[in-house]
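Scroll down for the structure; my scribbles are underneath it.
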Amino acid sequence: MIVIIAGASGSGKTTVGAMLAGRLGWPFADADDFHPAANIEKMQAGIPLTDADRWPWLRAIGAWMDEHIARGESAVVGCSALRRSYRDLLLDGRPEARMIFLATDVDVLTRRLAARAGHFFPEQLLGSQLQALEPPAPDERVIRVVPADTPAGTVDAIIAVLFPDGPAGPGRQP
């Protein structure tokens, strides 16, 4: 199983994704690490990414997922997946993939980004992400999770949804 933790910047994708992967004993990848240098430079300069900027990045994430699927390995990746077309690219043809969308309140996102230091994504770009955001529709293969008060609580909620009978255990397939 490949679990994609999705949501806007500041939603907790990296924190929750890494914690989920740690609990399951699976590898974790942060989609930020798949961005080419040009994308990072644009964001650092406060310039929103376009679809043309995002497609190669999303295909690189898909390739990473495919490598794990081909090896029969489970993994977790955090990726914004703001638009339906992005989610479709990551999910279509990958029955092993599950997407959890962190439906985080805008005030929480704003507060988190204002407090975040050392990240290339500046707070002022949140508006462009929210403009690009297409919340998951009921007909999508996406599970909406409203984050709990703590990352651990959010991970508990995700595990309960993904594994209603309990997880298979660290390093094992569900």
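Mind listing the phi-derived Karplus ³J(HN,Hα) values for segment 43-60, rounded to whole Hz, using 6.51, -1.76 and 1.60 with θ = phi - 60°, and x for any glycine or proline?
5, 4, 7, x, 9, x, 6, 9, 4, 4, 6, 7, 4, x, 5, 5, 5, 5
Once a ≥ b ≥ c are taken as the square roots of the eigenvalues of the Cα gyration tensor of segment 1-44, is the result rounded (a/c under 1.5), prolate (a/b larger than b/c) or oblate (a/b not larger than b/c)?
prolate
For segment 1-82, what is the convex hull volume of its Cα atoms per residue in Å³?
Details: hull volume 6.9 nm³, N = 82.
Spread over its residues, the Cα hull of segment 1-82 gives 84 Å³ apiece.
In segment 5-109, what trypsin sites (Lys or Arg not before Pro) fall in a loop by DSSP, with at most 15 other Cβ atoms inside 10 Å?
Working: sites: 13, 23, 42, 54, 59, 71, 83, 84, 87, 98; in loops: 71, 83.
Hits after loop and neighbour filter: 71, 83.
State, to one decimal in nm, how far the label point of residue 148 lies from the label point of residue 161, with both points 7 Å from Cα in the Cβ direction.
So the label points at residue 148 and residue 161 sit 1.3 nm apart.
Treating the beta-carbon of each Lys and Arg as +1 and of each Asp and Glu as -1, no other charges, what is the dipole magnitude of segment 1-74 about its Cα centre, to the nearest 20 debye?
180
Only the coordinates and a few stated rules stand behind these numbers; no lab work does. What you see is a predicted model; the values in this text were computed from it and never measured. Neighbour counts run over all protein chains shown; Cβ positions are idealised from the backbone, glycine included.
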